[in-house]
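As structure tokens, the structure follows; a few thoughts come after it.
Since every read-out is calculated from the coordinates, none of them should be taken as a lab result. Keep in mind the model is a prediction, meaning the values are calculated, not measured. All Cβ positions, glycine included, derive from the backbone under ideal geometry; neighbour counts span all protein chains shown.
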Amino acid sequence: MSLRIYRRHRRVESITNNVYEDDQGKTLYIVHTPWALNIVNRTTTVTKALHDSPIDSVSRSSSSPARPYSPQFDDGAFFTSENQREGTCTSIVENLADADANSSDPVDEGNTGNTSPGRPRRRSRSSGEHTNFIYLAQIDWRVFKSTKIRFGTGKYSGQEVLVKDLFSKEGHAQRRSLFFTGEDGKEYRWRIFKRYCELCLNDASNTPIAKFHRAKAFSKERSYFEIFPSGLNMVDEIFVLFIYADRLRESEEGGGG
């Protein structure tokens, strides 16, 4: 069974400022980009929700421990000390999640109170439910220099990687491909089109790994990002790189490319 990830809200910068949820309305990720005077050079932080999962048990069970998102750091900073890896989210991520429950922003292509297909009902937080948010990555967007990604987990955990070193590229604005080597050592290819992007294995099989499905205009269905069974072993890695790929697609679409 594949995993479908929905954006909770329709808003300006919906890719880089949103709550991402499953088909039951349960928060999976929060992607946050603070407003800045310099609208070109901004930083996006990607965090993952762990529902009723103690941070310590997650960190100790992984070869590349996930790092709890902690509020005392600037969005441009990176978690390097042991103190910065302790604690749970008590500031910006919680504020986003709590404010979201009372938000008046329209839900993406649908009202979550409707249980028809493609319109998941938003889950309310029960008194006994506890959610931790762990840091996955930060993306420093650049125009005249290479964008860079700081990873909190996985193959590049603790490293800052330039996009020009992470991906090799080919194609043009109408149809661009980004090639990269995944944590499993296999080569993958993002295919970026004007209105959607998709990920596949870069081999003779072209096995589909993930795809963004854009809802038709005026449709009651919701747009969603789908990760197929062949990609479920690397969901976090795929999601972080999807944020980069889809933001790239959107910027080219907005520019008429």
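What does the net charge come to around ASP184 if you take all other residues with beta carbon closer than 15 Å to its beta carbon, with K and R at +1 and D and E at -1?
Details: positive: LYS155, LYS186, ARG189; negative: GLU183, GLU187, ASP203, ASP236, GLU237.
Summing Lys and Arg as +1 and Asp and Glu as -1 gives -2.
Taking neighbour counts of Cβ atoms within 10 Å as a proxy for exposure, in what order, fewest first, do THR47, THR181 appear?
On the way: THR47 27, THR181 14.
The most exposed by this proxy come first: THR181, THR47.
What's the ranking of 217-224, 26-33, 245-252 by average number of surrounding C-beta atoms within 10 Å, highest first?
Details: 217-224: 14.4, 26-33: 20.4, 245-252: 18.9.
Most protected by this proxy first, the peptides run 26-33, 245-252, 217-224.
If I take R0 = 22 Å and measure r between the Cβ atoms of ASP165 and PHE144 in this structure, what FRET efficiency does the formula 1/(1 + (r/R0)^6) give, to the nearest 0.05?
Computed FRET efficiency for ASP165 and PHE144: 0.80.
Measure up LYS145/LYS194; LYS145/LYS186; LYS155/LYS194; LYS26/LYS186; LYS148/LYS194 against 25 Å on the Cα-Cα distance and list the ones that go over.
Working: LYS145/LYS194 23 Å; LYS145/LYS186 28 Å; LYS155/LYS194 30 Å; LYS26/LYS186 31 Å; LYS148/LYS194 23 Å.
Cα-Cα > 25 Å for LYS145/LYS186; LYS155/LYS194; LYS26/LYS186; rest within.
Okay, which of segment 16-51 sit inside 20 Å, backbone N to the point 7 Å along the Cα-Cβ direction of ARG4?
19-30
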